[in-house]
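Here the structure is laid out as structure tokens; the discussion comes afterwards.
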Amino acid sequence: MELGIRIKQHRTARGLSQEDLAGKIYVSRQTVSNWETDKTYPDVESLLLLSSLFDVSVDDLVRGDVEMLQENARANAKKLNFWGGLSLASVALSLLVLTGGVFLFGAVGAFFAALAPLPVCFFALYRTSGIMKSIDVVTTAEMVAFLEGRPVNRDEAKRKQYRKCVVIISIIVTVVSGCIGAFIGLMAYKAGF
């Protein structure tokens with residue numbers, strides 16, 4: 001990314017330390033350091049403050065980064081789709097083993113066999129949440145929207161809720177699916193299948 005280099009150039013040209021810049025745009029010194037080392041990307045509000053402070057347009061500040069942001073968004077979407085798909089596939093496999101396994105292993109054997117794919121599911125959920133946290137999906141989506149001229153949603157409560165709910169919903173779906181599968185397997189077992 002070129003933005004980190006540009007921020008550092010503008011900051012040093014004005015004789016500002018990272019601490020000074022952080023104070024002027026209401027972020028921590030570590031945040032400025034992360035921007036300059038391309039560990040994170042500033043949100044829209046910070047970009048506007050930076051462009052105002054440095055007396056340059058946002059377009060000049062992020063020139064070249066728009067395509068990179070869009071490409072990163074596509075690549076990250078592929079990663080998230082893969083790990084999310086793997087999570088759902090492992091739950092589906094677990095349910096199939098639980099319901100169909102009654103015929104092959106008996107009820108107790110089917111239950112334990114159905115537990116085998118669940119670690120894959122939980123690992124996939126862990127990877128998904130890690131990716132979302134590391135790339136800050138919400139900020140990236142805001143940046144792409146802003147740079148494409150679309151409205152940006154700055155509802156902080158909604159952003160926090162989005163980050164937390166993805167993993168929680170996935171775990172709830174997994175548990176409910178497992179309970180449904182267990183119920184179907186139990187009914188099949190009691191019916192004498």
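Every number in this text was worked out from the coordinates using simple rules, so none of it is lab data. Everything numeric in this text was worked out from a predicted model, so none of it was measured. Here the Cβ positions follow ideal geometry from the backbone for every residue, glycine too, while neighbour counts run over all protein chains shown.
Applied to the stretch 37-50, the Karplus parametrisation 6.51 cos²θ - 1.76 cosθ + 1.60 on θ = phi - 60° returns per-residue 3J(HN,Hα) values of 9, 6, 7, 9, 10, x, 6, 4, 4, 5, 4, 5, 5, 4 Hz, with x for Gly and Pro. Computing FRET efficiency as 1/(1 + (r/R0)^6) for Arg14 and Leu48, where r is the C-beta to C-beta distance and R0 is 25 Å, gives about 0.90. Under 10 Å from the Cβ of Ile5, count the other residues' Cβ atoms, weight Lys and Arg +1, Asp and Glu -1, and hand me the total. Here the count lands on -1.
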